[in-house]
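A.B. asks: Below is the structure I would like to discuss, written out as structure tokens.
The values are calculated or read from the model by the stated rules, or taken from the named source; none is laboratory data. Source: prediction; values computed, not measured. We place every Cβ from the backbone using ideal geometry, glycine too, and count neighbours over all the protein chains shown.
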Amino acid sequence: MNVLLGSPSLHDYVPDFIVRLKTDPPMHLILETKGFDPLGEVKRQAAVRCVNAVNAEGSFGRWAYAVAKKPGEVGGKVEEAAASPHEVRADG
């Protein structure tokens, strides 16, 4: 993905994970695993804009975004997204 990260030029954005959830309807979860990142808020805003745009366009299915700041949070983030496939999550 190309995104703007606080500057006028585009940057490549490669998420840590894209999880395809077997929900009804199917959903893709962009899952970031982060500790401290000085650009974390800028990256979160870019990912949320991307998820919102993809969902508004509609032909790529449902997408959500989440950040796990600790390894123990990963399962919960996936479960939260799977539990509400109709509710688009874009949290961080």
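A.B. asks: What number of residues within the stretch 34-67 satisfy the criterion of being within 10 Å of the chain's Cα centre (by Cα) and in a strand (DSSP E or B)?
C.D. replies: Of the residues in the stretch 34-67, 5 are within 10 Å of the chain's Cα centre (by Cα) and in a strand (DSSP E or B).
A.B. asks: Sort out which residues of the stretch 28-68 are surrounded by 16 or more Cβ atoms within 10 Å (Cβ to Cβ) and basic (Lys, Arg), and write them in order of number.
C.D. replies: Within the stretch 28-68, LYS43, ARG44, ARG62 meet the criteria.
A.B. asks: Please identify the pairs in which a residue from the stretch 56-74 that is under 17 Å from LEU21 (Cα atoms) and of a type in the set (Lys, Arg) has its Cβ atom under 6 Å from the Cβ atom of a residue that is at pLDDT 90 or above and buried (at least 19 other Cβ atoms within 10 Å of the Cβ), counting only partners at least 6 apart or on another chain.
C.D. replies: Close Cβ pairs (under 6 Å, with a partner that is at pLDDT 90 or above and buried (at least 19 other Cβ atoms within 10 Å of the Cβ)) amount to ARG62/MET27.
A.B. asks: Which one of ALA56, ALA64, ALA68 is over 22 Å from GLU79 (Cβ atoms) and modelled with pLDDT of 90 or more?
C.D. replies: Only one candidate passes the filter, namely ALA56.
A.B. asks: Taking THR23 as meeting all but one of (1) touching a helix residue (DSSP H, G or I) at 6+ places or on another chain (Cβ under 9 Å); (2) at pLDDT below 85, write down the number of the exception.
C.D. replies: Result: THR23 passes all but (2).
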